[in-house]
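What follows is one structure encoded as structure tokens, with my remarks underneath.
Bear in mind these aren't lab numbers, they're just calculated from the coordinates by the rules spelled out. Nothing here was measured: the structure is a model prediction, and the numbers come from that model. Quick reminder, even Gly has a Cβ in these numbers, built from the backbone with ideal geometry, and neighbours come from all protein chains shown.
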Amino acid sequence: MFLRSPVTFLVTLFAVSQAIPLFGQEKPPFKTAPLPADHAQRLERGAQLFDAKVSAVLKENCLNCHGGEKTRSGFDLATREAMLQGGDKGQAVVPFSPPDSRLLRLVRHAEEPFMPGKSKKLAPDAIEALEQWVLLGAPFSKPLVDQKGKSASKKMTVTEKDRDFWSFRPLQPVPVPGSSDPWVRNPIDAFVLAKLKEKGIAPNPPASRAVLARRLSLILTGLPPEPARLKALNADPDALALDRYADELLASLPHAERWARHWLDIARFAESHGYEQDYDRPHAYPYRDWAIQALNRDLPYDRFVQWQIAGDELAPGDTFAFLATGFLGAGVHATQITKNQVEKERYDELDDIIRTIGAGMLGLSINCARCHDHKYDPVPAADYYRLISTFTKTVRSDMELPVEDPEYPQRLAAWEQSQKALAAKLASFDQAQGPQAISQWLAASKKTSALTTGWEILIPEKAASEGGATLTIDPHGKVRSTGKNPGEDAYTVKAQTSVDQVRQIRIEAFADKTLVAGGPGRAANGNFALSNLTVTAFPVKPNPAALYKPVLLKLTQPRATFEQGGLPLAAAIDGDRRSGWAVDPQFGKDHAGAFIVEGAPNYPGGTRLEFVLEFRTNTSHTIGTFRLSASGDTPALPLTGPALPSEAKDLLLGKAIDDAGKAKVTKWLLAQNPERVKLSREVETHDKAKPTPKTIKALVCSEGVPAIRLHTQGGDYLEQTHFLNRGDPNQKGDIAKQGFLQVLVPAGKNETVWQKALPEGARTTGLRSNLARWMVDPAQGGGSLLARVIVNRLWHHHFGRGLVATVNDFGLQGDRPTHPELLDWLAGELIQNGWSLRHIHRLIVGSATWRESSFTDAARMKIDPTNQMLWRFTPRRLEAEAVRDCLLAVSGRLDPTPFGAGSNDPHHRRRSIYFFIKRSQLPADMMVFDAPDTLQIAEARPVTTVAPQALRLLNGKLARDCAESLADRVAAEVKSAPVTDQEPSPTWVNALYERAVGRAPTSSEMELALEFLREQGQALKREGVKDPGKQARTELAHAIIQLNEFLYID
Amino acid sequence: MDLFPRFFSQPHPSTRRRFLKSFGGLGTLALADMLRRDGYAAGPEGSTNADTARLDPLSPHIGHFPGKAKAVIWLFMNGGPSQVDTWDYKPVLQAKDGVKLDNFDNNTGFFTDQVGPLMKSPFAWKRHGQSGTWVSEIFPHLSRHVDDIAFVHSCHTETNNHSPALFQINTGYNRMGYPCVGAWVTYGLGSEARNLPSFVVMYDTLGRGLPKGHAANWSAGFLPGVFQGTALNPKGAPIDNLDPPAGVNARSQKLQLELMRKLNQAHLDTHPEEKELAARIQSYELAYRMQMAAPEAFDVSREPKAVQELYGIDSPRCGHFAKQCLLARRLVERGVRFVQIFSGGMENERSWDGHADIAGNHRQFAGETDQPAAALLADLKSRGMLDETLVIWGGEFGRLPVAQRPQGSAQTGRDHNPHAFTTWFAGGGVKGGAHYGETDEIGHKAAIDKASVNDLHATILHTLGLDHLKLTYRYNGRQFRLTDVAGNVIRPILT
């Protein structure tokens, strides 16, 4: 486009800009300055200034982030039109009005954020020029960026420069600084010492072995060392005794329990859904147990990550791997979703997953790119949607999964043996009784000359539905209803029986796997409700001489296999068309109901029967498959008794039957022999006891599995994930296809190297395993960053602060590492050692850096007050779980039982990781000491020091109970010097200190303690307390477990 | 009694900066502000909140500018009160009673198949006060205070269901996991009440349940847990752990505390630079004082009979809410920063959620709250506290002008309406008798000067001297605000 007159061009642009609509109702009103009379002249002068100076200033200082490669804060300087639209923070430039132009305030550093960001303030003449230019209407003579093919001009491009940011670079080998300093124990120390030397600070010498043993135990296991172990350790002359103790602790379950808790903070793990009802997730705990077991096995961290994303796909059939996917579903989930919120809620859920993976595993706030390209990090919104599309169809599911069961074959073999014995018994009975069964039966039958032989299954001639359902009849008499299932229905079934006088009627309803819950009903929950049953009888051979009319049979004495409360079988014959017989909740089972017929007519030659089954009690509560039977017998037959085969009928009628028929009848007769019935019941019972492999019901995540469904007016997931404008489901773009973070993929690299197609017909999509493969690829994918982030987390939990202090943010806004080479070296160590976290733990606790004492001095404090250079060990308070676990441990109240469902009893005694975590009722003992709220991935936990913590320890039940147990326990332990109430016992005080804080009291502490016991004891005695000495000891123990020394890792 | 005089002398004003540095607090921002004003930089670029805010985050801080309000009492009408039956008079709605609305989106409310015709307010309306404010008959007491109240009639929110809407009005986000207004305010300002919780929440004491979403409504989200609301127990001791364990008397506990102080002091002497250890010793002093102060503060029976009667303490209808309002005043008087009282329990007939019978429901809940709320305004005013206390009245959304009516029924309830509701403010520097914004002629949607939840929040912060753009907290790589990326202070209602 080339216009002849620059002024016309500018005026045209100006007019266009005025017409730009506001694009967000939350924005302040769009300001315009009155158009000055001389605006044309001004614009012309402004355009000259633009060419002479402004264009260069903008290009050099602003364009890179605002309209060039990026459009930070949504502010684009590429064209005047875009500039006048402003950014997310609103208008930046108001033509002709410098005071209203925020851009000027920012470059003048009169308002934050100061611009240009992260570089020097503009020169005064540049600022002056900008101001003048705005006063002249801020015209552009041409766009700052070539607009050709720049329809996507606002979209962020990820550049090589972006990929070169420290955390995004692939790991390279890092040389360890050479050092001959005797302080150095391993390479960690060499890195640390090199930095310290630069600052001219000396590191602290190691703390005493007792202090280190306590530090080791508290950090690695969250529990204090056992006094006996401590004693042995202190007496051990081996210089590597502590290293051995570390190995011992690292291999222990308490270590895994403590560090799994750290991971659960990231996984936002809890055992309820949150939102409206905060329903429980009773099967969420297996994921918690998985985390513990994974750490206990030192599962390589790459697999640890992969399995949490796609364990079911990467290790099919491995329950342990599947359990890991509980990670994806650990976040909150709305339990009541209205129709117009369905899409938003689902996108929120995908956002929760990617936010957790992003910040937790990659240290990146990927979710910031939901509404726009990431403001700071090179994460385009497109990357965000391509990533979340991985989980488009992923849902939570409570699944029954097989677990390791080494004794199963043995159990099965034992069962099979007894099964064989029983079968043999049955076979020999049949052998003995079979041959004469028919003749004996015929002899007996002739005497009674009646068909007293059980149920005759009716093979209907016709079955019709009033409401339009399709009824089909199978050769064995079963009638199946398919097709339309109207709100109400009535089935009419016609059949013939050889019975002369019908004395009993039976209806059976069969379980059916194709129906909800296995039927037998076709209602939405698998139920049926038989409202009315009428049976009308006609003679098969009408006697032409006699008058006859159809007789409505009188059904009495209803009996059923099961009756739903309030809906008994009797209701099906009470004439009330709204009452009926139903079977909720016994779905997936066969059911039967039977009646005695009173006063039925006798029709020699057989009876024709017409049944009408009505279903009007509840909406669409029809039966799926049913069968009707009749009998001439009295008294009442068993509901599920065997049916009379037609061959038996033939025999009674004197017809000849073949051998196969005889065998069938023999079998039928044997089945009614009381002795054999007893035997076969035994077999049946035994069959039911067939051992099955052990299973666990667990909340896992996958595709193609039944979703946990709560109250929603929509589906469980959306079929497609779309690119959304501003994160708004009402502004859908194209369908997003899976991709990864461009900044963690080499330019031009084909992403399909991680994307593998699954076999045809696979249950899952394979998308999650694609992501998992990319995540751990250190050379070309996310692996290098993944390794940096996790070693930093380990470091954080050992030292109280990571080498990167912002543990969840390795992006541009995050802190830079204090020791970048050390971090990369550790990350490399991790990968080279098979991603073994234990290897990194060993390196850390084996370092002189970790073993430094906490000693401070003013000089070094002045140079590095926050110990960024690691010249000392910084003491820190135990986390909530460790405070409680230590209280329980020292008092002997701790129940070490691992694994399994947690407890919501606030006074339970297992480790704190076994609290049942209900989001609306988080345990008070945890929350007061800064445990996270579980709603989103937690940051590094804050450590607050507030009065409610003091109140909880001072007055709360936990600390008091523990104090009492601790006092008694110590008294019982010091058998050498029995504790009496007469005189306070120094031996007891000594043992108390050893147990609580891992050392003997100093002489002044001893003195204070004895004085306290004496004074407290006397006062309590005066106050008439029953056992003053004992209570005084409890008071002392209670004081000791509240001390800073008890609560802090030193 | 001062157990620990050494740590408890109040800082001299000249050492204020040092005090802030050592004991705390504040988001780096207010601290940074203060230091900047004093001519000091806020420390090295890139230093995080963690180092400055961790020791005593509840110590009182000053805001970004002098605010009129020092404290907030939020009377939360849980369940969604109907704007057209309370404060938003719509004569056209009265006239169009029974008319079926064309093009009405049936997904607006919760019950998509129960959309009836327009339904007029069942209540009589009258003008009150100098401002001539229309008020429905269900507020005979509050109608006498309209000239102290600023009404925002054009509030709107984003969701039509209780729990996301509750999260939105309380935290600014309709998802779980974000800090609520009370948490942001105490984060920004700390608390003047060092012997009491800084942010107190009271919910229904008649056993009708908690608001939907439970404690997430007063959660600190990603802010440190100390900023979360302390919900008073509806029965028994209002706060846990205020009384010594069974069998321990005050004398015995004091002796124990003295021993602990001596032992901790000796430990501190070997760790001279650990401010956290010193702060923990201090926290025991605070805890001890709280044990003394809280029972007194919570005991409304200490109020003169006349005051109790003003609130309606003995009324069987409103006594429960009266006690909470009176307690709120006592707490604010003692320096508590933020008090939120929820009227009603969960949903339907247990709260303002009048799905079935708007007349009966709103008569009941107005009856439970009208006298106590009016008494609170009168009481604060007579004590000269109203100017410094922002009182808020409102719920999570409004209700539809059409009837909620299942097929074939004559039901007279109203379903949820995210598009319009009224929130009012009193005291704390708001303009009495002001009316901001309007809904359309039937009260269905906010139409003029629409006020988003972010706007309400920006305004609340502003009255307290907090700039909603500057009150930020860095979490997982992003600076978060109560108002996210939006919000404007509603200046026309401010003095």
When A:305, A:395 are arranged by how many other beta-carbons sit within 10 Å of their Cβ, fewest first, they go A:395, A:305
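What number comes out for the charge environment of residue B:361, summing +1 per Lys or Arg and -1 per Asp or Glu over other residues with Cβ under 13 Å away? Write out the running numbers ahead of the final one.
Working: positive: B:208, B:350, B:363, B:399, B:414; negative: B:85, B:347, B:349, B:353, B:357, B:368, B:415.
Summing Lys and Arg as +1 and Asp and Glu as -1 gives -2.
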Would you mind checking the tilt of helix B:358-382 against the longest principal axis of the Cα atoms of chain B, expressed as 0 to 90 degrees and rounded to 10? 40
Each residue of A:929-935 has, on average, a number of other protein chain C-beta atoms within 10 Å of its C-beta equal to 4
Can you bin chain A into rounded, prolate or oblate? Criterion: square roots of the alpha carbon gyration tensor eigenvalues sorted a ≥ b ≥ c, rounded for a/c under 1.5, prolate for a/b above b/c, oblate for the rest. oblate
If one takes the longest principal axis of the Cα atoms in chain B, at what angle in degrees, from 0 to 90 and to the nearest 10, does the Cα axis of helix B:453-463 lie? 50
Using a Förster distance of 45 Å, the FRET efficiency for residue A:690-residue A:252 (Cβ separation, nearest 0.05): 0.70
Only Cα pairs under 8 Å and at least 6 apart count here; give the relative contact order of chain B as a rounded whole percent. 27
Could you tally the net charge around residue A:754, taking each other residue with its Cβ under 11 Å from the Cβ of residue A:754, Lys/Arg +1 and Asp/Glu -1? +1
Please list, ordered by chain and number, the residues whose modelled amide H lies under 5 Å from the amide H of residue B:133; skip anything fewer than 5 residues away on the same chain. B:128
Expressed as a whole-number percentage, the relative contact order of the range A:645-788 with C-alpha contacts under 8 angstrom and at least six residues apart is 12
Counting Lys and Arg as +1 and Asp and Glu as -1, each charge on the Cβ, what is the dipole of chain A about the Cα centre in debye, to the nearest 20? 1120
Residue (of A:183, A:95, A:127) at the positive-pole extreme of the range A:92-221, dipole from beta-carbon charges: A:183
Considering the dipole of chain B built from charges on the beta carbon (Lys and Arg +1, Asp and Glu -1) around the Cα centre, which of B:469, B:133, B:355 is farthest to its positive end? B:469
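Count, for each residue of A:948-961, the Cβ atoms from other chains sitting within 10 Å of its Cβ, then give me the mean as a whole number.
Averaged over the peptide's residues, the number is 6.
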Taking the 0 to 90 degree range and rounding to the nearest ten, how far is the long axis of helix B:275-298 tilted relative to the main principal axis of chain B, both from C-alpha atoms? 50
With contacts defined as alpha carbon pairs under 8 Å and 6 or more residues apart, what's the relative contact order of the range A:252-310 in percent? 39
222 nm [θ] for chain B, helices only, -39500 (n - 2.57) per DSSP H run of 4+, per residue, to 500? -9500 deg cm²/dmol
Computed lengthening from residue A:202 to residue A:1022, 0.36 nm per intervening residue step minus Cα-Cα distance: 289.5 nm
Please list, ordered by chain and number, the residues whose modelled amide H lies under 5 Å from the amide H of residue A:876; skip anything fewer than 5 residues away on the same chain. A:1049
I need the peptides A:100-113, A:989-1002 ranked by packing, meaning the mean over residues of other C-beta atoms within 10 angstrom, with the highest value on top. A:989-1002, A:100-113
Quick one: putting +1 on the C-beta of Lys and Arg, -1 on the C-beta of Asp and Glu, what dipole do you get for chain B around its Cα centre, in Debye to the nearest 20? 940
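Can you compute the charge dipole magnitude of the range A:277-392 about its Cα centre, using +1 on each Lys and Arg Cβ and -1 on each Asp and Glu Cβ, nothing else charged? Give it in debye, rounded to the nearest 20. All intermediate terms of the calculation are to be shown ahead of the outcome.
Details: 11 positive and 17 negative charges, 27 e Å.
The calculated dipole for the range A:277-392 is roughly 120 debye.
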Rounded to the nearest 500, what is the 222 nm mean residue ellipticity of chain A from helices alone, with -39500 (n - 2.57) per DSSP H run of 4+ residues and division by all residues? -11500 deg cm²/dmol
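By the scheme Lys and Arg +1, Asp and Glu -1, what is the net charge of all other residues having a beta-carbon under 12 Å from that of residue A:173? Please list the in-between numbers first.
Working: positive: none; negative: A:821, A:824, A:829.
Taking every Cβ under 12 Å from that of residue A:173, the sum is -3.
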In the range B:213-301, the trypsin sites (Lys or Arg not before Pro) that sit in a DSSP loop and have at most 14 other Cβ atoms within 10 Å of their own Cβ are B:235
Just check chain B against the gyration tensor rule for me: Cα atoms, a ≥ b ≥ c as the square roots of the eigenvalues, rounded for a/c under 1.5, and otherwise prolate or oblate depending on whether a/b exceeds b/c. prolate
For the protein assembly as shown, whose charge dipole is built from +1 on Lys and Arg Cβ atoms and -1 on Asp and Glu Cβ atoms, the candidate among A:490, B:460, B:277 with its Cα farthest towards the positive end is B:460
Cβ neighbours within 10 Å from other chains - mean over B:175-185: 4
